[in-house]
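The values are calculated or read from the model by the stated rules, or taken from the named source; none is laboratory data. Everything numeric in this text was worked out from a predicted model, so none of it was measured. Methodologically, a virtual Cβ is constructed for each residue, glycine included, from the backbone with ideal geometry; neighbour enumeration extends over all protein chains shown. Side chains included, ligands, DNA and RNA excluded: accessible areas come from the protein's heavy atoms. Shrake-Rupley method; radii C 1.70, N 1.55, O 1.52, S 1.80 Å.
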Amino acid sequence: HAYTWACRLSVCFAAKALFCGSTLQTARKMQLRMLLALLLASACDALVAPARRRPGRVALRAASLEFSKYQGLGNDFLLVDNRDAAAPKATPAQAQRLCDRHFGVGADGVIFVMPGDAAHDFRMTIYNSDGSEPEMCGNGIRCLAAYLGELGAAGAPRGRGEAFTIATGAGPIVPLVLPDGRITVDMGEPVLDGPAVPCALAPTDGARVVDAPLEAAGREYRVTAVSMGNPHSVAFVDDAGAVDLAVTGRAVEVNTAAFPEKVNAEFVDVVDAAHVNMVVWERGCGVTLACGTGACAVAVAGVLTGRTERTCEVMLPGGPLSIEWRESDNHVYMTGPAEFVFRGTAELD
């Protein structure tokens with residue numbers, strides 16, 4: 001562009017020089033001076049252009065990612081069809097940026113539907129909003145089961161529903177999609193042996209850590225350690241809604257002297273033997289509106305401490321989950337919703 005304009009201007013100056021009686025030599029000098037000035041100006045613009053560019057903008061994008069957003073009681077996830085690739089289509093760092101509620105799409109995590117194998121229909125990989133990879137997510141696997149319907153996947157008939165066997169970092173999990181859209185998930189057996197949770201607090205009931213003292217944010221709580229494939233600390237309090245999760249929940253999560261792999265922190269008040277209220281600070285996410293594995297851990301802790309029955313409704317900020325710790329097989333069953341929000345495409349950088 002600079003050369004084109006220089007040529008045009010040189011013609012104009014040459015014509016002016018001729019009509020004004022200027023010599024040809026003078027006209028050529030003016031042409032060369034103007035050409036040199038425009039070329040220098042163009043070079044300067046090229047040097048300063050990067051500084052004018054907005055931070056974070058890039059000229060080319062490496063790839064784009066198609067997703068569907070789902071939520072389970074306000075615990076929201078971006079679901080990605082990854083059945084055609086062995087590795088997740090986004091890195092943990094990219095997932096972290098996608099989950100950012102101000103500069104990204106906004107979510108508590110990104111879930112990839114990975115190829116299965118002979119024993120599993122699919123594999124679930126999840127990255128939290130901080131880029132960490134948890135073993136499993138209860139609300140997330142309900143959302144995954146709902147997303148499989150969007151993908152046209154058919155599960156094995158079981159009763160009135162369709163069942164899928166999903167490989168996770170916590171072992172195989174089987175969600176059952178019911179005709180009314182709710183999803184019941186067989187979460188397997190709870191792990192109660194303290195070191196296996198893992199929890200380093202002194203056992204209080206055989207190898208179990210039940211109502212053990214734990215100091216957090218200047219106050220002592222009585223916590224029960226339960227693993228539902230990921231570690232949980234359950235504390236019963238007078239008023240769950242009064243707990244400052246950003247302070248107390250965070251303090252429990254990062255207490256690696258008590259929980260070497262960090263922990264999800266639940267605080268619960270009991271309404272009656274069949275109803276409890278729960279708030280949660282999730283490991284790797286912070287405050288969320290719901291936590292499926294946390295609700296399961298709360299139900300188990302309620303039975304262990306004699307506060308609840310084996311079937312109870314756990315009320316979370318996002319809504320209720322029905323939890324049963326079945327005595328016949330020692331498995332925990334979670335029933336709740338998973339709802340579609342929207343579809344989209346995001347550019348990955």
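Here are some notes:
- On full extension, the segment bounded by T91 and R158 gains 20.6 nm, given 0.36 nm per residue less the C-alpha separation.
- Computed accessible area, S129, all protein chains, 1.4 angstrom probe, square angstrom: 30
- Förster-model FRET efficiency, 30 Å R0, S328 and R83, C-beta, rounded to 0.05: 0.30
- Charge tally around T248: other residues with Cβ under 12 Å, Lys/Arg +1 each, Asp/Glu -1 each, net -3.
- Per residue, in Å², the accessible surface of the stretch 191-349 once ligands and nucleic acids are set aside, probe 1.4 Å: 40
- For the stretch 119-170, relative contact order (Cα pairs under 8 Å, six or more residues apart, normalised by length) works out to 53 percent.
- Beta bridges from DSSP with both residues in the stretch 70-149: antiparallel share about 70 percent, rounded to the nearest 5.
- Distance (nanometres) between label positions extended 7 Å along Cα→Cβ at S64 and D193: 5.1
- The distance from the alpha carbon centre of the stretch 218-234 to that of the stretch 109-140 is 23 Å, rounded to a whole number.
- Expressed as a whole percent, the accessible area of the stretch 129-226 that falls on carbon and sulfur atoms is 49 (1.4 Å probe).
- Charge tally in the Cβ shell below 11 Å around A154, where Lys, Arg are +1 and Asp, Glu are -1, A154 excluded: -2
- Cα centroids of the stretch 248-289 and the stretch 77-108: 25 Å apart.
- Relative contact order %, the stretch 71-171, counting alpha carbon pairs below 8 Å whose residues are six or more apart: 27
- In plain terms, the chain from T256 to A274 could stretch by 3.2 nm, reckoned as 0.36 nm per residue minus the Cα-Cα distance.
- Here F340 and D117 are evaluated by their C-beta separation; at R0 = 25 Å the FRET efficiency comes out at 0.35.
- Charge sum, other residues only, whose C-beta stays under 13 Å from C291's C-beta, Lys/Arg counted +1 and Asp/Glu -1: -3
- Between A207 and L178, the FRET efficiency from the beta-carbon distance, with R0 = 30 Å, is close to 0.25.
- Surface composition of the stretch 253-349: carbon and sulfur make up 49 percent of the accessible area, probe 1.4 Å.
- You can think of it this way: the chain between T311 and E215 has 31.6 nm of extra reach, that is 0.36 nm per residue less the Cα-Cα gap.
- Rg ratio for the stretch 90-222: its Cα radius of gyration over 2.2 N^0.38 Å, N being its residue count, equals 1.29.
- Applying a DSSP loop filter and a limit of 16 other Cβ atoms within 10 Å to the trypsin sites (Lys or Arg not before Pro) in the stretch 142-188 leaves R160, R182.
- Treating each Cα of the stretch 93-141 as one equal point scatterer and applying the Debye formula with no solvent, the log10 of I(q)/I(0) at q = 0.27, 0.32 Å⁻¹ comes out as -0.96, -1.14.
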